[in-house]
1. Taking the Cα centre of segment A:220-352 as origin and charging only Cβ (+1 Lys, Arg; -1 Asp, Glu), how large is the dipole, in debye to the nearest 20?
2. When the dipole is taken about the Cα centre of segment B:195-263, and only Lys, Arg (+1) and Asp, Glu (-1) are charged at their Cβ, what size is it in debye, to the nearest 20?
3. Compute the relative contact order of segment B:141-285 as a whole-number percentage, counting only Cα pairs closer than 8 Å that sit 6 or more residues apart in sequence.
4. If you average the sequence gap of Cα pairs under 8 Å that are 6 or more apart and divide by the length of segment A:211-323, what percent do you get for the contact order?
5. Please give the FRET efficiency for A:VAL192 paired with B:ASP303, using the beta carbon to beta carbon distance and R0 = 35 Å, rounded to the nearest 0.05.
6. Taking the alpha-carbon distance from B:LYS369 and a cut-off under 17 Å, which aspartates and glutamates remain once sequence neighbours fewer than 8 residues away in the same chain are dropped?
7. Quickly work out the B:ARG531-to-B:ALA481 label distance, labels modelled 7 Å from Cα along the C-beta direction, and quote it in nm with one decimal.
8. Whole-Hz ³J(HN,Hα) for each residue in segment A:220-234, computed from phi via Karplus 6.51 cos²θ - 1.76 cosθ + 1.60 with θ = phi - 60°, x for glycine and proline: what do you get?
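Derivation of every value follows stated rules applied to the coordinates shown; laboratory data play no part. Since we're looking at a predicted model, the values are computed, not measured. Cβ sites come from the backbone with ideal geometry, for glycine too, and all protein chains shown count toward neighbours.
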Amino acid sequence: MSGTSLADQNLAQLANWLMYSAIAVYLLAFVAACAEWAFGSRGPGIRTSAASPAKQQTPVARTGGRTRSAAVDGATGSSTQVLAPPATASPEPAQALGGDGTGAAGDSPKADLVGRIAVSLTVLALLLHSGSVLARGLAVSRPPWGNMYEFSTAFALMASAAYVGLLAARKPVRWLGVPVLFSVLLTLGLAVSVLYVDSAQLVPALHSYWLWIHVSAAIISGGVFHTAAVVSILYLVRDRWERAVAAGHGQGRGAGLWRRLPSSRTLDKLAYRLTGLVFPLWTFAVIAGAVWAEAAWGRYWGWDPKETWAFITWVAYAAYLHARATAGWKGRRAAVLGLVAFATFVFNYYGVNILITGLHSYGGLPTN
Amino acid sequence: MCQTPRVATNNFRSLVDSPARGDASASDSEPKADEPKGLGPAGWLRWAWRSLTTMRTALVLLLLLALAAVPGSLVPQEGRQPAQAADFRERNPDLAPVLDRLGFFDVYASPWFAAVYLLLFVSLAGCIVPRTRQYVRTLRSRPPAAPSRLDRLPQHAVWTACCDRGEVLLTAADLLRRRRFRVDVDMEGDGSVSGEKGYLREAGNLVFHTALFGLLIALAVGSLFGTTGQKLVLEGDSFTNTVTQYDDFTPGTLASADSLKPFGFQLKGFSATYQRGGPQRGTASSFVARLNYTEREGGRARDARVEVNKPLEVDGSKVFLVGHGYAPVVTVRDGKGEVAWQGPAAFLPQDSNLTSVGVIKAPDALDRKGKRDGLGFSGLFLPTVQLTSNGWQSSFPATDDPVLVLTAHHGDLGMDSGQPQNVYQLDSTRMTQFREADGSPFAQALRPGDRMKLPGGAGSLTFDGIKQWASFQIARNPSNATALWSSVAMGLGLCASLFVRRRRVWVRVEPMQSGRVRIAVAGLDPGGTERTAEEVAELADELRERFPAPRTATPDVNAPAPLHQEQK
Ligand code: HEM
């Protein structure tokens, strides 16, 4: 069976070109997103103030009127919205630092424009990136996640899609751009430079429709877990800053940046929501993996390293969800737990594939 | 928050009460298990039980469980990869005894791992039971009465209207019922309507946590009553499902030999295809074993294909294709010229190009004088031969250029000693190797059809052809269905528990002196989701449409004018 026809090779070539283009555009988007922060005014930053209840930005008021929002600049996916808060929303107790920041651009229209450009570029890069993954899949006539290179590009795709998806859902999360693009670029850079393998057929162990089901679920979960982890990191930073300010240490040097982030409360809640949203999907991914293992090897659970780390990730996220419901563990400790859980997810991919051999060793990396 | 009365209410209560009473810190903190105050053993026990069943303990145990699972992925496990474990022991002679004592070579069966998950499950039981009781009580009781000050709740609307109090209350109740709230109307005392919705959240949580027990039971039953075994079958050979036929058989602790179903099969053929080009040249693209099986002795024979990921299911047992290799077919003649052994000998693959090693044993061969002098051959089978600086190797897994490279021994093969022998190894302790005239070991590379003549007329071996073999794992796990259904319940429960919003809505209508009434609508959602805010707003809007505020009403408590905000 000669694996690759000429047409397939051309498609594979196209996939590679699209990938390089996507990386280039992501890079531009990243620069633009950084520029938004740099040019954005350090201005008042905090929207909430007891003096002007009309401008109050409680979480409730912000998205509560979502259904009635209008005038959204759809082309760029920008989150500029005209909102009418629900009639019943009452101001939350105003705290000097409890309110959400204005976002990366601050009050500067110029920076706002740069930010919109960053979002447009991200969307363009996402399209190129999807094209690349699709072309690769067509080139090999199978789901394009059979080896580490393919899994990494698909994971980065989901990470970036989760970010764009939040923007498309009109969530004001443009401030996520810099860290998300950073890790997307890092993942893709690693993928094309270290993990790259030419397109090829799958080993028989991966010939199964469970590959579609199990791995897609895992990759989508990964993309959203990634976003939640980024939000958790920002939460920790912002929370530290809020505490420092509250303790009277002044606003510090990073204030120009930190004050433009949403409040720690908003960040904490967003991280929790995202995790809660995909945890069932991750559960499903693990169960689907067990069903597949049963079909392939005759046992649904065998403590293979890959299975073990999927279990560890699952338990760690369960612990995070428990922490969120446990007084004394809310907030910082829960956020750290969430980050640990994400670290186990990442380790399950890179660490287990590279460092540990097991039944799941199909990374396609040259072995020595 | 697992202590019974607090479970269902804590989240709500902390939100309802804290603004009014200012005891946020008190209701927010974990209900500490009361310290034992010299209560004697019973007090201690109660204290231990309470501590064990707190959410904080559950959290710590979950973290411990995650941590405890780690070493099993780093140290090779005895049960799963015995060869690697032995290798690891050899390479770390100092560390191995310590790890051994800690059970690191068999983590998932070690007492400390069991301790963690058993404690977790005890804690879980201590959590589920009272929570279920509490839940049933909640379902039976009426939705909780409205808190004293609705305008203290995060989501509320208040206005005055001139209308009949009872009518407002009944309309509000009707609106809530239409939204599928459970509703309680209190016409007498307060003049309020309470509605509650989203009971499925708690039900989902209970189902999820209970299903974890189902999974645990399934795992336990599987390891107690399940059986697995391996069997290598040559093309043309048959297998019947009895203990003696297996190469390797691992029954569950409580599984009996009769639990094996009396099926059997014949391997009619095996085929594999490999990639011929590209970077992954030599990677297999398909493995197919063609079987002919019968459900029971004398039953009707049926054909089946077994592939990787596509096992054959017979009478509750599954037959999985797990390996394959080559078996050179040879004829061994002894010094008398008689056939001493004939047939295919399975060689075991050593690498992905199926460089295989194996032995051929003819224990009953006679020497030229007619004296018993067993013959033993050992060597390599190379499906596609390549001679490299490292010696003989195979460069492709298919039989493009097959070569059998053998050396030979004669003497006592030790097969009558009564001790079990590895069929894939030659015990050469009481044998002597054939040598060339110059003293170097006698060896020869054979292509199919070639003949190897042993020095001194001791006999010969002809390489007649090549067969393939396939190895199968035959598994029976009576708890698969339990595990699957528990997982399904777990998934559904989890979704309900995470996606259903539990919320309460209250409407209070207070008479005012002017003959008007003051209508207050408020809602509470411990998750603090925006949807609940919208829901309360919608309800208030609908109610306000029917009972509008007169024009003269004070503006501050009415709907604020639509407000435009620019937001980044
Ligand atoms: C076998 C170990 C356990 C696992 C894997 C586990 C997993 C989970 C998960 C994933 C959730 C989040 C879903 C939800 O919010 O309903 C959850 C929630 C919860 N678990 Fe567990 N759990 C375990 C043991 C326990 C134990 C021992 C307790 C009691 C002490 C407990 C009490 C709770 C409670 C009260 C919630 C609801 C939290 C909330 O209100 O948001 N769990 N559990």
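1. 760
2. Magnitude of the dipole: close to 340 debye.
3. It comes to 15 percent, rounded to a whole number.
4. 34
5. 0.15
6. Of all the aspartates and glutamates, those that pass the test against B:LYS369 - Cα under 17 Å, at least 8 places apart if same chain - are B:ASP334, B:GLU338, B:ASP412.
7. Going from the B:ALA481 label point to the B:ARG531 one covers 3.5 nm.
8. For segment A:220-234, the Karplus-derived couplings read 4, 4, x, x, 6, 4, 4, 4, 4, 5, 4, 4, 5, 4, 4 Hz, x marking Gly and Pro.
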